[in-house]
Amino acid sequence: MDNVLVDFKSGLDQIPEEEKAKYADDGNGKPHYDDIPGLFGKMKPMKDAIEAVHELQKHYELFILSTAPWKNPSAWSDKVKWVTKYLDDVFYKRMIITHRKDLCQGDYLIDDRDNNGASEFAGEWIHFGTDQFPDWQSVLRYLIPKT
């Protein structure tokens with residue numbers, strides 16, 4: 001979901017600076033903003049994501065495969081609420097939250113990062129946000145002709 005369907009930055013931009021400061025260092029010098037309670041409920045859709053999903057739905061059986069921060073239980077429920085708000089007509093009871101995407105089956109996985117098993121996914125990993133797949137229009141051009 002994050003940075004594929006959901007614009008992570010759009011949620012982070014709504015968090016007050018003093019709240020963000022509490023999550024600026026995970027103890028290893030890296031921010032852990034995804035642990036901010038309520039953050040995932042504030043995010044907006046990525047450009048063209050909603051329309052692209054509706055187009056893909058005409059050609060494929062779709063599921064959401066997402067990872068949620070282990071120490072932020074609100075992220076789990078916020079993700080379900082986001083899907084209900086924006087794409088419930090497509091993903092009603094078609095959402096899997098996991099830290100092991102490689103254990104799931106499918107022909108394609110559209111993901112922006114190679115962690116949580118995405119790069120080991122048995123089907124084809126479409127690396128969203130790269131030169132080959134910079135946006136949803138490029139994903140549609142790649143996937144729709146294959147049907």
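Starting from residues that are among the basic types (Lys, Arg) and part of a loop (DSSP other than H, G, I, E, B), keep the ones in the range 19-39 and report whichever is surrounded by the most Cβ atoms within 10 Å (Cβ to Cβ).
Lys22
If I ask for residues that are without any contact (Cβ under 8 Å) to a residue 12 or more places away in the chain and outside any loop (DSSP other than H, G, I, E, B), which ones from the range 1-18 would you list?
Lys9, Glu17, Glu18
Any chance you could count how many residues in the range 56-87 are part of a helix (DSSP H, G or I), open to solvent by less than 60 Å² (accessible area, probe 1.4 Å) and not hydroxyl-bearing (Ser, Thr, Tyr)?
7
May I ask you to list the residues in the range 106-126 that are assigned to a strand (DSSP E or B), open to solvent by 60 Å² or more (accessible area, probe 1.4 Å) and free of Cβ contacts under 8 Å to residues at least 24 places away in the same chain?
Glu124, Trp125
Would you please list the contacts, defined by Cβ atoms under 8 Å and residues six or more apart or on different chains, that run from a residue in the range 23-43 that is under 18 Å from Leu5 (Cα atoms) and of a type in the set (Lys, Arg) to a residue that is open to solvent by less than 70 Å² (accessible area, probe 1.4 Å) and part of a loop (DSSP other than H, G, I, E, B)?
Note: pairs meeting the criteria are Lys42/Ile15.
Every residue in the range 127-147 that is farther than 15 Å from Met1 by Cα and open to solvent by 20 Å² or more (accessible area, probe 1.4 Å), please.
Selection gives Thr130, Asp131, Gln132, Pro134, Gln137, Leu140, Arg141, Tyr142, Ile144, Pro145, Lys146, Thr147.
The values are calculated or read from the model by the stated rules, or taken from the named source; none is laboratory data. These figures come from a predicted structure and were not determined experimentally. No Cβ is skipped: glycine too gets one built from the backbone with ideal geometry, and neighbour counts run over all protein chains shown. Note: accessible area is taken over every heavy atom of the protein model, side chains too, but ligands, DNA and RNA are not part of it. Shrake-Rupley method; radii C 1.70, N 1.55, O 1.52, S 1.80 Å.
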